[in-house]
Amino acid sequence: MKSTCLKAVRAVAFALAVMSLMSAQQLSAQQAASPPREVPAQSQPAADPTPAAPAGQAQAPLAAAPSGSDAAANPADGGSRSLKSTTAALRELSPWSMFLSADVLVKAVMIGLAFASLVTWTIFIAKVIELAVVQRMLRSALGKIVDARSLADAQFALGAKTGVLSAFLAAAIREARLSAGISSDSGIKERAASSFAEIVRAEARRIRLGMGLLATIGATSPFVGLFGTVWGIMNSFIGISKAQTTNLAVVAPGIAEALLATAIGLVAAIPAVIIYNHFARVTKSYLELVSRASGAAARLLSRDLDRTHVNAAGGAHSRAAE
């Protein structure tokens, strides 16, 4: 019984010795591996009063080390993150965001150019409708008086419609009435032609209303936009000097905001010039129709004058025969 207990005690002692030996080997291995990881800690000043952390607590920073090493081992993740941030920054440079971040004077220039563009398209729509209506009405009126033999017949054919042809007929009839008793036909025709010329000039001024504004917008909008660009670039240079950097990420937004003013100026000017040239051609065509109407009224007046002289001569011959 004693020998059996002695053998058990020896076995337990042998097991404890083996376990202590293995623990000592593990501790020595950890101490051998720990110095390279604690190099940043050794760089601290010797006067640091912070006590050394216990062995159990010192393993926490060591366990966090692999995450940094994994990040260093995977540079593609960092590159993708920087690319995403750069893309997000570029997406923020939209025209609206550039307008909001622009200088007050540059904003005023942009708003003025946008208003000028709105005026341009408003005039375009209004003049298209107006020219289409007046051309159609004048062609229809000229078609109605083709077979008229006198000013009275022409007025009866037109009815109560108002227009430039009705104005020509009214001027001719008024001149013929005021010149009653005058035998000089050339004087009557000259005075009627003067009245027709006044009507043509008034109609030309009316139909060209708004085209001067189109010409002004088309001529000045690029220069107004250029002024906003110059002002914005000046502010960008001032910001660069204050930031003391020439990094493209700092320089590009201010220059882009300044160039936006020139872009809006061109957007306002190019349609204005095109629309002005289009209306110049259409207006010229309409004024040719007005000249045709003036000639038609002059011919009718001449027929009435000749018919009056013929009737007067026939009356004189009849009285002489009696």
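The values are calculated or read from the model by the stated rules, or taken from the named source; none is laboratory data. Owing to the predicted nature of the structure, the values given are computational and were not obtained by experimental measurement. Positions of Cβ are backbone-derived with ideal geometry, glycine not excepted, and every protein chain shown enters the neighbour counts.
Only a single item in (1) touching a helix residue (DSSP H, G or I) at 6+ places or on another chain (Cβ under 7 Å); (2) surrounded by 14 or more Cβ atoms within 10 Å (Cβ to Cβ) is not met by Ile182, and it is number (2). Can you tell me which residue is farthest from Phe279 (Cα to Cα) among those in region 168-180 that are in contact with a Ser or Thr (Cβ under 9 Å, 6 or more places away or on another chain) and touching a residue at least 24 places away in the same chain (Cβ under 8 Å)? Checking each candidate, the answer is Ala176.
Could you grab me the full set of residues in region 101-159 that are polar (S, T, N, Q), more than 21 Å from Ala176 (Cβ to Cβ), touching a helix residue (DSSP H, G or I) at 6+ places or on another chain (Cβ under 8 Å) and surrounded by fewer than 16 Cβ atoms within 10 Å (Cβ to Cβ)? If the condition is that a residue be polar (S, T, N, Q), more than 21 Å from Ala176 (Cβ to Cβ), touching a helix residue (DSSP H, G or I) at 6+ places or on another chain (Cβ under 8 Å) and surrounded by fewer than 16 Cβ atoms within 10 Å (Cβ to Cβ), then Ser101, Gln135 are the ones that fit.
Just one of the listed residues (Arg191, Arg205) is within 30 Å of Ser291 (Cβ to Cβ), among the charged types (D, E, K, R) and surrounded by fewer than 12 Cβ atoms within 10 Å (Cβ to Cβ), and it is Arg205. On the stretch given as region 222-275, residues that are farther than 18 Å from Asp103 by Cα, at pLDDT 80 or above and not hydrophobic (A, V, I, L, M, F, W, C) total 2. The number of residues in region 263-292 that are polar (S, T, N, Q) and either without any contact (Cβ under 8 Å) to a residue 40 or more places away in the chain or buried (at least 21 other Cβ atoms within 10 Å of the Cβ) (or both) comes to 1. When the residues of region 282-322 are filtered to those that are assigned to a helix (DSSP H, G or I), farther than 23 Å from Ser186 by Cβ and modelled with pLDDT under 90, which remaining residue is farthest from the chain's Cα centre (by Cα)? My answer is Ala321. When Thr162 is tested against (1) outside any helix (DSSP H, G or I); (2) within 44 Å of the chain's Cα centre (by Cα); (3) buried (at least 18 other Cβ atoms within 10 Å of the Cβ), exactly one condition is not met: (3). Among the residues of region 181-223, those that are touching a residue at least 12 places away in the same chain (Cβ under 8 Å), part of a helix (DSSP H, G or I) and among the basic types (Lys, Arg) comprise Lys189, Arg191.
Exactly one condition in (1) surrounded by 10 or more Cβ atoms within 10 Å (Cβ to Cβ); (2) at pLDDT 75 or above is false for Gly79; which is it? All conditions are met except number (2).
Condition (residue is touching a residue at least 24 places away in the same chain (Cβ under 8 Å) and either under 15 Å from Val109 (Cα atoms) or touching an Asp or Glu at 6+ places or on another chain (Cβ under 8 Å) (or both)) applied to region 236-255: is it met by at least one residue? Among the residues of region 236-255, not one is touching a residue at least 24 places away in the same chain (Cβ under 8 Å) and either under 15 Å from Val109 (Cα atoms) or touching an Asp or Glu at 6+ places or on another chain (Cβ under 8 Å) (or both), which makes the answer no.
Any idea which residue in region 300-310 is farthest from Arg174 (Cα to Cα), counting only those that are surrounded by 13 or more Cβ atoms within 10 Å (Cβ to Cβ) and among the charged types (D, E, K, R)? My answer is Arg303.
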